[in-house]
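The values are calculated or read from the model by the stated rules, or taken from the named source; none is laboratory data. All figures in this text were calculated on a predicted structure; none of them were measured in a lab. So basically every Cβ, Gly included, is an ideal-geometry build from the backbone, and we count neighbours across all protein chains shown. Heads up: the accessible areas ignore ligands, DNA and RNA and are worked out on the full protein's heavy atoms, side chains in. Shrake-Rupley method; radii C 1.70, N 1.55, O 1.52, S 1.80 Å.
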Amino acid sequence: MSASESRPSGTVTFLFSDIEGSTLRWQRDPEAMAAALARHNELLRAAIESNGGYVFKTVGDAFCAAFSGVPEAIAAALAAQRALHAQDFSAVEGICVRIALHSGYALEQQGDYFGTTLNRVARLVSIGHGGQTLLSGAAAELLRDAVPPDGEL
């Protein structure tokens with residue numbers, strides 16, 4: 001989604017991601033981790049944007065993206081996990097990314113989002129393990145019968 005297009009507003013599905021154990025990897029080999037992070041960032045951004053998402057923030061190795069609907073967000077999460085899994089990150093002893101999706105009302109201002117919905121998705125991603133994609137009950141309810149044919153809840 002280009003900056004000139006309208007960003008998702010009202011009821012939004014958020015995708016947050018984080019690399020599990022990245023601090024230790026940075027300490028072990030900063031150069032290899034920098035290269036791995038660059039590739040991770042390319043893959044995440046491509047998966048998000050190709051599925052209609054808007055990356056509104058990155059913090060370290062974490063992505064925060066907004067989607068108009070859950071089907072687009074889950075498609076992005078699946079694409080990201082598959083693309084990451086297909087990469088050779090052996091130089092940093094592998095990369096495992098946890099992703100969380102949550103839907104709810106959020107206020108968008110100047111390219112950023114605010115509200116309790118963001119607090120919930122942040123907490124959800126923090127309890128995940130690398131390689132997992134977690135959906136809140138709200139996101140799962142909105143997804144209903146739109147689970148991709150190659151995915152399952």
task: Pop out the ³J(HN,Hα) list for the range 92-108 in order, Karplus 6.51 cos²θ - 1.76 cosθ + 1.60 with θ = phi - 60°, rounded to Hz; leave Gly and Pro as x.
output: 10, 6, x, 10, 10, 10, 9, 10, 10, 10, 8, 10, x, 6, 8, 8, 9
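How much of the accessible area of the range 15-145, in percent, comes from carbon and sulfur atoms when a 1.4 Å probe is used?
That fraction is 52 percent.
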task: Filter the GluC sites (Glu not before Pro) in the range 55-153 down to the DSSP loop ones having no more than 11 other Cβ atoms within 10 Å, then list what survives.
output: E152
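How many Å² of accessible area per residue for the range 6-119, probe 1.4 Å?
For the range 6-119, the per-residue accessible area is 46 Å².
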- request: Any chance you could give the angle, 0 to 90 degrees and rounded to 10, that helix 70-85 forms with the longest Cα principal axis of the chain?
  value: 10 degrees
- request: Could you pull out every residue, at least 5 positions away or on a different chain, whose amide H is within less than 5 Å of the one on L135? Hs are placed 1.01 Å off N in the peptide plane, and Pro or chain starts have none.
  value: L101
- prompt: In percent, how large is the relative contact order of the range 1-121, given Cα pairs closer than 8 Å and 6 or more residues apart?
  reply: 39 percent
message: Output wanted: per-residue J couplings in Hz (rounded whole) for the range 24-29, from phi through Karplus 6.51 cos²θ - 1.76 cosθ + 1.60, θ = phi - 60°, x for Gly and Pro.
response: 4, 5, 4, 5, 6, 7
- prompt: Could you give the angle, 0 to 90 degrees to the nearest 10, between helix 116-127's Cα long axis and the longest principal axis of the Cα atoms of the chain?
  reply: 30 degrees
